[in-house]
1. Looking at this structure, is A:Val91 within 8 Å of chain B (Cβ to nearest Cβ), of a type outside the set (Asp, Glu) and under 20 Å from the mean Cα position of the chain (by Cα)?
2. Output the qualifying pairs, or none if there are none: Cβ atoms under 9 angstrom, residues six or more apart or on different chains, first residue in the range A:100-128 and more than 14 Å from chain B (Cβ to nearest Cβ), second residue assigned to a helix (DSSP H, G or I) and of a type in the set (Lys, Arg).
3. For A:Ala78, state whether it is touching a residue at least 60 places away in the same chain (Cβ under 8 Å), surrounded by fewer than 22 Cβ atoms within 10 Å (Cβ to Cβ) and of a type in the set (Gly, Ala, Ser).
4. Every residue in the range A:152-167 that is out of contact with any Ser or Thr (no Cβ under 6 Å at 6 or more places or on another chain) and either basic (Lys, Arg) or assigned to a helix (DSSP H, G or I) (or both), please.
5. Any idea which of A:Phe161, A:Phe176, A:Phe193 is in contact (Cβ under 8 Å) with a residue 12 or more places away in the chain, under 30 Å from A:Tyr43 (Cα atoms) and assigned by TED's automatic domain parsing to the domain that holds A:Asp239?
6. Filter the range A:283-321 down to the residues that are at positive phi and either in contact with a Ser or Thr (Cβ under 7 Å, 6 or more places away or on another chain) or at pLDDT below 90 (or both) and list them by number.
7. Counting only residues that are in a helix (DSSP H, G or I), more than 8 Å from chain B (Cβ to nearest Cβ) and not charged (D, E, K, R), how many does the range A:132-151 have?
8. Which count do you get for residues in the range A:268-282 that are more than 7 Å from every other protein chain (Cβ to nearest Cβ) and at pLDDT 90 or above?
Amino acid sequence: MNSILTTNIIEITSSCKACDHCISHCPADAIAGRLGEQHHIDYSKCLNCGQCLINCPFGAIHDLSSVEQVYEALNNPALTVVVQIAPAVRVALGEEFGLAPGTNVKHKMYASLRRLGFDKVYDTEFTADLTIMEEGTELIHRVYSHLGLEGYEDKGPLPQFTSCCPAWIKYAEDNFPAILPHISSAKSPQQMFGPLAKTYLAQKLNIDPDKMVVVSVMPCTAKKYECDRPEMIASGHKDVDFVVTTRELARMIKQQHIDFLDLPDENADKFIGLSTGAATIFGATGGVMEAALRTAYEILSEEKLDKVEFEAVRGLAPVREASVDIPVKSLNTALPVNVCIVTGTQHVKDVIEDVLAGRSPYHFIEVMNCPGGCINGGGQPIRRDTY
Amino acid sequence: MSIFLEREGITRRQFFKGAGLLTITLVAGGIFAKIGIDIFKASDKYIAQRVQGLYDLDEKMALRRSHENPEVLQLYQDFLSPGSVSPVSEKAHHLLHTRYGKETAVMMDELKHHAA
């Protein structure tokens with residue numbers, strides 16, 4: 001194992017009843033322990049995804065928390081604390097306040113962050129749109145390179161895998177180093193936001209980046225590991241300082257006695273806060289693919305799509321495939337683009353082996369670690385609803 | 001053969017006693033099994049509801065394509081590729097792209113070099 005793990009995020013506490021339920025949810029086979037004995041995590045395999053945590057019937061699994069450091073930063077008047085919030089949080093945060101799953105609380109969520117004392121409130125959806133621009137362009141370059149067009153030599157192999165999910169990235173690094181050149185070099189939306197906040201935004205707002213703290217609110221425990229990766233220092237500082245989960249944000253709102261349901265509707269701040277519907281669906285499995293198809297189709301065909309929905313990539317099955325014909329104006333031909341969507345890292349092995357054996361029919365493959373996508377991430381409200 | 005002839009079978013009272021005990025055991029067992037199954041197989045209906053929440057929100061958005069986001073276009077114009085909208089520019093490559101596995105060490109050397 002050539003794991004480059006920096007921090008162990010997930011911990012099984014002594015309340016473990018050794019029921020083995022977590023083992024059935026672990027995508028990486030990282031939990032060991034005999035029936036009747038407290039289980040333990042093999043950190044060389046753990047992806048930090050937290051699927052064990054949200055599915056533990058006894059609440060015996062915990063994640064590393066940075067809430068105290070966030071409070072400290074908020075209480076320090078010398079620091080400008082900016083916050084980004086991920087797409088999947090807005091349809092789950094309301095559950096902690098008694099609303100039904102899927103209720104959109106986007107605007108109250110921005111308001112609650114301001115009440116908590118964050119100086120500037122932004123949206124990770126902005127960098128999700130940016131991810132589509134970067135990752136989509138990279139895909140187009142790889143396709144051109146594959147077709148042998150001049151000026152596009154050595155742009156990287158096909159198919160291209162998405163790179164938004166830190167648990168999937170760690171799985172590939174640990175288990176399939178040969179697949180790494182296939183993964184898009186674009187950072188995840190969270191890690192694109194960090195360096196932009198500490199360069200572009202700091203310039204626009206005239207703030208010293210040394211005095212800026214970037215906090216993310218994420219539906220994910222693996223994002224805590226991602227922001228601690230040693231190479232995430234492109235801005236010259238630690239790009240994203242702290243990550244809190246949806247659950248931790250709800251706890252902070254309750255601790256500060258903010259009446260969440262009574263908050264007014266507010267919007268994100270300007271420069272890096274505006275977003276489109278294509279970024280919103282990043283939180284669902286198939287969403288990155290659909291957003292990429294919308295942009296790739298319109299840019300390559302130079303036509304407007306009448307219907308922006310690509311129903312074929314939607315659904316909850318662990319492995320789905322679709323094919324879209326994109327008329328490429330500059331080449332004067334229609335290009336069939338074969339795509340594949342995997343949700344649940346335990347299902348990706350066969351897809352990777354096909355790619356490595358050279359028999360994969362796909363051009364673009366989306367992989368999300370959690371079943372259903374980020375909306376079911378390890379940092380989301382825990383639901384133990386029974387039938 | 002006499003053993004069969006001599007046998008009188010069970011009385012009506014014994015039959016009800018046995019049947020009653022059997023019923024209670026089965027019902028109680030069923031209830032405990034149901035509780036167990038519920039605990040270990042919690043409903044995952046919430047996954048579909050949250051996914052639907054995002055699709056509904058997408059439909060309500062004024063803009064629905066990433067390349068139409070005016071702040072993204074402004075970011076390219078002002079900062080990443082001054083004067084034009086060209087993704088994967090040198091600056092974008094430095095800030096927004098990364099490398100994986102063993103190559104991260106190489107990348108960190110480059111970042112330190114860039115800073116110095």
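The values are calculated or read from the model by the stated rules, or taken from the named source; none is laboratory data. Computed from a prediction, not measured in an experiment: that's the story for all the values here. Here Cβ is always computed from backbone atoms with ideal geometry, including for glycine, and neighbour counts include all displayed protein chains.
1. Values: within 8 Å of chain B (Cβ to nearest Cβ): yes; of a type outside the set (Asp, Glu): yes; under 20 Å from the mean Cα position of the chain (by Cα): yes.
Here the answer is yes, as A:Val91 does meet what is asked.
2. A:Val121/A:Arg114
3. Numbers: touching a residue at least 60 places away in the same chain (Cβ under 8 Å): yes; surrounded by fewer than 22 Cβ atoms within 10 Å (Cβ to Cβ): yes; of a type in the set (Gly, Ala, Ser): yes.
Yes, satisfied.
4. A:Pro166, A:Ala167
5. Details: A:Phe161 fails: assigned by TED's automatic domain parsing to the domain that holds A:Asp239; A:Phe176 fails: assigned by TED's automatic domain parsing to the domain that holds A:Asp239.
One residue alone meets the criteria, A:Phe193.
6. So in the range A:283-321, the residues at positive phi come out as A:286, A:302, A:315.
Of everything in the range A:283-321, just one residue is at positive phi and either in contact with a Ser or Thr (Cβ under 7 Å, 6 or more places away or on another chain) or at pLDDT below 90 (or both), namely A:Glu302.
7. First, the residues of the range A:132-151 that are in a helix (DSSP H, G or I): A:132-147.
Next, from what is left, pick out any that are more than 8 Å from chain B (Cβ to nearest Cβ): A:135, A:139-140, A:142-147.
Filter once more, keeping what is not charged (D, E, K, R): A:139-140, A:143-147.
Here the count works out to 7.
8. Residues in the range A:268-282 being more than 7 Å from every other protein chain (Cβ to nearest Cβ) and at pLDDT 90 or above: 3 in total.
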